[in-house]
Amino acid sequence: MHEATFSGGTPPAPPRSVIAESWGRMRTRRFDPDDAPRPRLLRREEVERRRAQSPLGQVLPLLRSSLTSVAEDAGHVMLVTDHTGLVLWRDGPARVRRIADGAGLVEGAYWNEENTGTNAIGTALVVGRAVQVHSAEHYVRPLHRLTCACAPVRDPRDGRVIGAIDLTGPAITAHPSTLGLVDAVARLAESQLRGLHHAHLERLRVVTAPILAGLRGPALVVDDEGWTAAAVHTEPVRRVLLPKRPEAGTAWLPVLGACRLEPLPGGWLVRPGAGEAAPPTHAELDLATGSVPLLRVGGPSGEWTHRPSPRHTELLLLLARHPEGRTAAQLAQDLFGDQGRVGTVRAEMSRLRRHLGGVVESRPYRFAEGLSVSVRTPADPVPLIRTSTAPAIRRPAAPTPAPAL
């Protein structure tokens, strides 16, 4: 099948859809199936820094106890990556590690599609689900001796992909149950991360209960990433978007406006309406980060980053294209080709403004006045948002790439 596809012949059968779509992406990038570059490597110090930042470090003992013995029995290596496909940890028998070394499956190597073509790690991160890639399903021929099964791991708090776990070995060791095993362990890791987060918020609640009991005004207690542990005299929000590097003092926060931030052990006390702070001045919708779009908002109070859902990414892109604003009916036409679906649009915009109140306004829906908005696009802007089916997004016209802030 691989030979026929890349020699101009007729394949005896079509490849699986997930493989065919990945091969199509590789052809668009003019990837050479015979001469793939070695995976890009990071310095050891940078790998250590990424390990310290990865949430998967908290569940590494679980991953090792669940998969290392299986990897040894099956002649595989276990790999744990971050959300970009960077290999952070590797375990397995010495004889298979030597095979992995020859293929570049080493700690510090990038195994996303952009660097190594169709492979279980990179393709699973693109499609957001567990994938097994066997032998000649790999785009590049030097990888045909391998089989690999990989499942992404999502942050249980917001659903974003934070990394992946993979089992890779010689193609002759392929087994149909490997994919189900890897996927089950990924779900187990997510469950443990959820439990760890709940335990941290509960500790924060207990520690700050005496402080909150003495307050007369509105206040929230959040962890270092803005997840709410407790609130008094105000409606709690699920998450407060804190600046990238929060500091004690007055700051403008999305949804809450001007707030006073006070440091706590393991979090922050946020007091809405305390003091004055300048609103944000610029926003950038970054679509050039692969499968994870980012909205960066910045101003005198600092910089915030938000990972919008695919639907919210579509809405933000449409609003960036129409600075004058869009009505619910116009957005319904843009998204669905049907102006009658205003109810769906209003519900989605309500959810979006829960995260970005003061950044995204209503009547009509638009970015806030005085906010300079830019869109950073990938080198190949078609499709601009890979999973989008919205008529206005799928049109050939795309925004002009803007420089990074």
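Which is farthest toward the positive dipole end of the range 107-187 among G117, I172, V161, measuring Cα position about the Cα centre, with Cβ charges +1 (Lys, Arg) and -1 (Asp, Glu)?
The listed residue farthest towards the positive side: I172.
Short version: ³J(HN,Hα) in whole Hz for each residue of the range 178-186, in order, from phi by Karplus 6.51 cos²θ - 1.76 cosθ + 1.60 (θ = phi - 60°), x for Gly and Pro, what are they?
Calculated HN-Hα couplings, in order: 4, 4, x, 5, 4, 5, 5, 5, 4 Hz.
Among R321, R129, R95, which one shows the biggest mean-square fluctuation in a GNM of the chain, springs joining Cα atoms closer than 10 Å?
It is R95.
To the nearest 20 debye, what charge dipole does the range 2-195 have about its Cα centre, counting +1 at the Cβ of each Lys and Arg and -1 at the Cβ of each Asp and Glu? All intermediate terms of the calculation are to be shown ahead of the outcome.
Values: 25 positive and 22 negative charges, 50 e Å.
In debye, rounded to 20, the range 2-195 gives about 240.
Which far-off residues, 5 or more places away or on another chain, put their amide H under 5 Å from the one on T250, with H placed in the peptide plane?
L261
Can you compute the charge dipole magnitude of the chain about its Cα centre, using +1 on each Lys and Arg Cβ and -1 on each Asp and Glu Cβ, nothing else charged? Give it in debye, rounded to the nearest 20. Let's see the in-between values first.
Details: 50 positive and 41 negative charges, 92 e Å.
The calculation lands at about 440 debye.
Could you check the spin-label model distance between R321 and E3? Points 7 Å from the Cα along Cα→Cβ, value in nm.
Reported label-point gap for R321 and E3 is 4.6 nm.
What ranking of D91, D82, D101 emerges when the number of other C-beta atoms within 10 Å of each C-beta is taken as an exposure proxy, fewest first? Kindly include the intermediate steps, with their values, before the conclusion.
Working: D91 17, D82 22, D101 12.
Fewest-to-most Cβ neighbours within 10 Å comes out as D101, D91, D82.
What are the ³J(HN,Hα) couplings of the range 332-349, residue after residue, when phi is run through the Karplus curve with 6.51, -1.76, 1.60 and θ = phi - 60°? Round to Hz, x for glycine and proline.
With coefficients 6.51, -1.76 and 1.60, one gets 4, 5, 5, 7, 10, x, 8, 5, x, 8, 5, x, 5, 5, 4, 5, 5, 5 Hz.
Which whole-number percentage describes the relative contact order of the chain, with Cα contacts under 8 Å and a sequence gap of 6 or more?
Numbers: 763 pairs, mean separation 37.7, N = 405.
For the chain, the relative contact order is 9 percent.
Could you tell me which residue out of A347, P378, V360 lies farthest along the dipole of the range 311-379 toward its positive end? Charges go on the beta carbon: Lys and Arg +1, Asp and Glu -1, centred on the Cα centre.
Going by the Cα projections, it comes out as A347.
Between V359, V126, V206, find the one with the highest GNM mean-square fluctuation for the chain; connect C-alpha pairs within less than 10 Å.
Result for the chain, Cα springs under 10 Å: V206 fluctuates most.
Which one, C259, V240, A230, projects farthest toward the positive side of the charge dipole computed for the range 215-272 from Cβ point charges (K/R +1, D/E -1)?
C259
Would you mind ranking H197, H83, H282 by Cβ crowding within 10 Å, fewest neighbours first?
Values: H197 18, H83 23, H282 15.
Least crowded to most crowded, the residues run H282, H197, H83.
Evaluate the relative contact order of the range 215-272 (contact order divided by residue number), counting alpha-carbon pairs under 8 angstrom at least 6 apart; express in whole percent. Let's see the in-between values first.
On the way: 111 pairs, mean separation 19.8, N = 58.
With pairs under 8 Å counted, the relative contact order is 34 percent.
Quick note: the coordinates plus some simple rules give every number you see, no bench work behind them. Since the model is a prediction, treat every value here as computed from it, not as a measurement. A quick note on method: Cβ atoms are made from the backbone with ideal geometry, for glycine too, and the neighbour counts reach across all protein chains shown.
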